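Peer 1: I am attaching a structure below and will ask some questions about it afterwards.
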Amino acid sequence: MNPDRILILHDGYYDTQLEDLIDNRTEVKTLAETLANLGCLVDQMAFDPHEAHALADRIKSWQPALIFNLVETIDGSGQLAHLACSFLQLLGIPYTGSDAWSMQTTVNKLVTKRILAGARLPTPAWLEPDGEGEFNPGLRYLIKPVFEDGSVAIDRNSLVWCTDAAQLQEKIKARSAETGYLCFAEQFIDGREFNVSLLGETGEPVVLPLAEMEFLGFSESGMATVLNYDAKWTEGSFEYEHIQRTFQPRPGDGTLRDELVRIAKSCWKLFGLRGYARVDFRVDDTGQPAVIEINTNPCLEPDNGISAAASQVGIDFSALISRIAAEAGVSLQQQSYGNKLSVYQDTTANWQDQLTSRLTNPTDLVPCPGQENVQALAEACAVAAVYPMAVTPYYANLAQPDNPSCPIRRQYVPDPAELEHAQDEVDDPLEEERYSPVPGLIHRYPDRVLLQVSLECAVYCRHCSRKRKVGRSSERMTMTTIYQGIAYIRAHPEVRDVLLSGGDPLMLSDDRLAQILTEIRTISHVEVIRIGTRMPVVLPQRITPELVKILQSAKPLWLNTQFNHPREFTFASESALARLADAGIPLGNQTVLLKGINDSPVVMRSLLHHLVKNRVRPYYLYHCDFVRGVGHFRTTIRAGLRLMQQFQGHTSGFAVPSYIIDLPHGGGKVALLASHLALNPENGRIEVENFEGTCYVLDLDR
Ligand SMILES: *Cc1c(COP(=O)(O)O)cnc(C)c1O
Ligand code: SF4
């Protein structure tokens, strides 16, 4: 278990107009930020019972120490919310708030009322849809949903007056049909309304200051004092403007307050509540209180409900969150690195925010055991001065906090080994500059060109073959040079395949990219466009629906990405891939074979299978180029071929990439086959022929 990893489980996303559901998303965002500021690493996932199996696997592989359960609705209704609790219970990871039984009994108001009545705790009389219950002639009834809270489906028509039980039952039926929620009728108490918030302290309920909802000017305007949907959510409505929360006790309330506290505490025990809860009351004009609702896991938002009550006694939002976590058995100590990495993985966060909050200096990173000393930091800074560093908070978050050789971490943390190099390593072994007729365009193969449209990337991979160029302010692509490249393509009818590369082409704005794609599409001899991008891996938020539309309209367009490790598959990256695949964009992957990261058969097999499961075809597996600064990542060719031997024939053909070496001295790409090993070459050398028929000698053990 990772003590600093917290998962927020929340409602599924679907189209909704209901404010109380939209509210869940704001709640998640605020909580994520608060936890991040407490020094936690935070991830968030939606609970969908249909996907429970996959979700359980994903959670187990991330190993959070605690799960914040913010699930209030499933498929838009509160009726099944307890399933999330049951799921968490089975998972065996500590989770916040109440258990499934408490959730189920309090979400169903009819069950709540029966239990309350059985325990002789006051609750208004009620009539159930099937006629069970009590009808008191001459009194008004409020028709409300059995399962929903947040005043859903309560409006000015909810309050009715009937002559007999049969008539009321008819109205309940009509109202259920009209709203789509199963309803019942509760005797209306025309009086005061109180919200009593409770906070667990080693299992016992602590009652926070009582909040009264004051109905201002209601009687003057002949309105019934009902806290309806508009009152909660419709800004500008009379109800919204005229209901006010106060913590100010009225003189003479002493006995009433004692009684509210006593009943609220009894509810906590009776329903087995845990962590935090809220009990809502109405009080009639004789001062008799009655429980109208019990909220397990009420909304957690600053300045609202329970947090407003807590702040009355000096418990601020983050202290409140810590207490709720403590009740689940997990203490959220402020981490030693403070909020250096005050980031969280928000699948909905916009990509520009992720880019602006990139970590660009080794001192921004959370030190790993063994790397916290000043010497190591100074060395990393020296490396970053030669080869720039940048990592998105999202990607940094995927790293294992305690593992200096974490496969994710090694891809972005500058390593002193980058400054060492062997004699056969050069800055530009592919001699791209030699094949560059105009700046940024490489024409190495007869029918296709590579066009660099940006020299920036979201994350600077330490193993990058173009590390001589990327991320330097001295090296920038301008629209003018890009247009020169496009003019070259226009003048060369043999070019039928244009590969947009970089850097990362998706660092461009949507507008720029659309402009470039449209321009290339005006060239009739260009058949296919390809984009090489690492965004699905390092910044999946970049794959917005708008971007997908732009890519889709440039079809046929193929997108190749670069997953190097199975850990890079997350809810966010898988969703990004799904958006692309659903739009009919063919997806390929080019992995770089990296020593200690993905050169084991187990890791590589998992990577390949993750790719095909996500509709991505493993295209190439690159032998690390003979580029300066990446030597420490390179395996031998023999090791690469042995690895390939484990897959060719052993798994689905389309899950096996071609093993490619980009020949030194600009020889171009050549596929190496496991059968090369069987040649049993003398003194470990093999001869390969490139597409032009030129022979190259390769040392298998180099
Ligand atoms: C890799 C590469 C290509 C594309 O090669 P494919 O084998 O077709 O994927 C094109 N141009 C250059 C300069 C390249 O390095
Ligand atoms: S995304 Fe590609 S170009 Fe950018 S640093 Fe990584 S490997 Fe290099």
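The values are calculated or read from the model by the stated rules, or taken from the named source; none is laboratory data. Please read these numbers as outputs of a predicted model, since none were measured by experiment. FYI the Cβ positions are ideal-geometry reconstructions off the backbone, even for glycines, and counts take in every protein chain you see. For the accessible areas, the whole protein counts, side chains as well, though only heavy atoms, and no ligand, DNA or RNA atoms are used. Shrake-Rupley method; radii C 1.70, N 1.55, O 1.52, S 1.80 Å.
Peer 1: As an exercise, take the mean of 1/r over every pair of distinct alpha carbons in the range 557-702, invert it, and state the Kirkwood radius in angstroms.
Peer 2: Hydrodynamic radius (Kirkwood, Cα only) of the range 557-702 equals 16.1 Å.
Peer 1: Another question, then. To one decimal place, what orientation-averaged projected area in nm² is obtained for the convex hull of the Cα set of the range 2-95?
Peer 2: If you wrap the Cα atoms of the range 2-95 in a convex hull and average its projections, you get 5.7 nm².
Peer 1: Using alpha-carbon positions, what is the distance between the centroids of the range 186-231 and the range 313-330, in Å?
Peer 2: Result: 24 Å between the Cα centres.
Peer 1: Defining a contact as two alpha carbons under 8 Å apart and six or more residues distant in sequence, what relative contact order in percent does the chain show?
Peer 2: 9
Peer 1: Run the Debye formula on the Cα coordinates of the range 61-102, all scatterers equal and no solvent, and tell me log10 I(q)/I(0) at q = 0.15, 0.17, 0.25, 0.29 1/Å.
Peer 2: The Cα Debye sum returns log10 ratios of -0.35, -0.44, -0.86, -1.05.
Peer 1: Here is a follow-up. Taking only protein heavy atoms into account and a 1.4 Å probe, give the accessible area per residue of the chain in Å².
Peer 2: Roughly 41 Å² per residue, with all protein chains present.
Peer 1: From Cα pairs below 8 angstrom and at least 6 apart in sequence, can you work out the relative contact order of the range 2-95, rounded to a whole percent?
Peer 2: It comes to 40 percent, rounded to a whole number.
Peer 1: Determine the distance separating the Cα centre of the range 469-517 from the Cα centre of the range 56-113; give it in Å without decimals.
Peer 2: Between the Cα centre of the range 469-517 and that of the range 56-113, the gap is 49 Å.
Peer 1: Continuing with the same structure: Looking at the chain, what % of its DSSP beta bridges pair antiparallel, to the nearest 5?
Peer 2: 60
Peer 1: Okay, next question. Looking at the range 601-651, I'd like the Rg to Rh ratio, where Rg is from alpha-carbon atoms and Rh is Kirkwood's inverse mean 1/r.
Peer 2: With Rh from the inverse mean 1/r over Cα pairs, Rg/Rh is 1.01.
Peer 1: Now, a different point. Starting at 0 and stepping by 10 Å, how many percent of the alpha carbon pairs of the range 125-188 end up in each bin?
Peer 2: 25, 61, 14
Peer 1: In what sequence, highest mean first, do 423-431, 459-467 appear when ranked by Cβ atoms within 10 angstrom?
Peer 2: Peptide ranking by packing, descending: 459-467, 423-431.
Peer 1: What translational D, rounded to a whole number of µm²/s, comes out for the range 433-699 from Stokes-Einstein when the hydrodynamic radius is the Kirkwood one over Cα pairs, at 20 °C and 1.002 mPa s?
Peer 2: D = 111 µm²/s.
Peer 1: Could you point to the residue in 465, 440, 405 farthest towards the positive end of the range 396-500's charge dipole, with +1 and -1 charges on the Cβ of Lys/Arg and Asp/Glu respectively?
Peer 2: The Cα lying farthest towards the positive end belongs to 440.
Peer 1: Also, quick follow-up: At each listed q (0.23 Å⁻¹), what is the log10 of I(q)/I(0) that the Debye formula gives for the range 106-150 modelled as equal alpha-carbon point scatterers?
Peer 2: -0.93
Peer 1: If you average the C-alpha positions of the range 122-157 and of the range 533-596 separately, how far apart do those two centres end up, in angstrom?
Peer 2: 51
Peer 1: Write down Rg/Rh for the range 444-600, rounded to two decimals, with Rg from the C-alpha atoms and Rh from the Kirkwood relation over Cα pairs.
Peer 2: 0.96
Peer 1: Let me ask something additional. Using modelled amide H (1.01 Å from N, peptide plane; none on Pro or chain starts), what sits under 5 Å from the amide H of residue 8, excluding residues fewer than 5 places away?
Peer 2: 43, 44, 45, 68
Peer 1: Take the chain, compute every pairwise Cα distance, and split them into 10 Å bins from 0; I just need the percent in each bin.
Peer 2: Histogramming the chain at 10 Å steps yields 3, 13, 21, 19, 15, 12, 9, 6, 3, 0, 0 percent.
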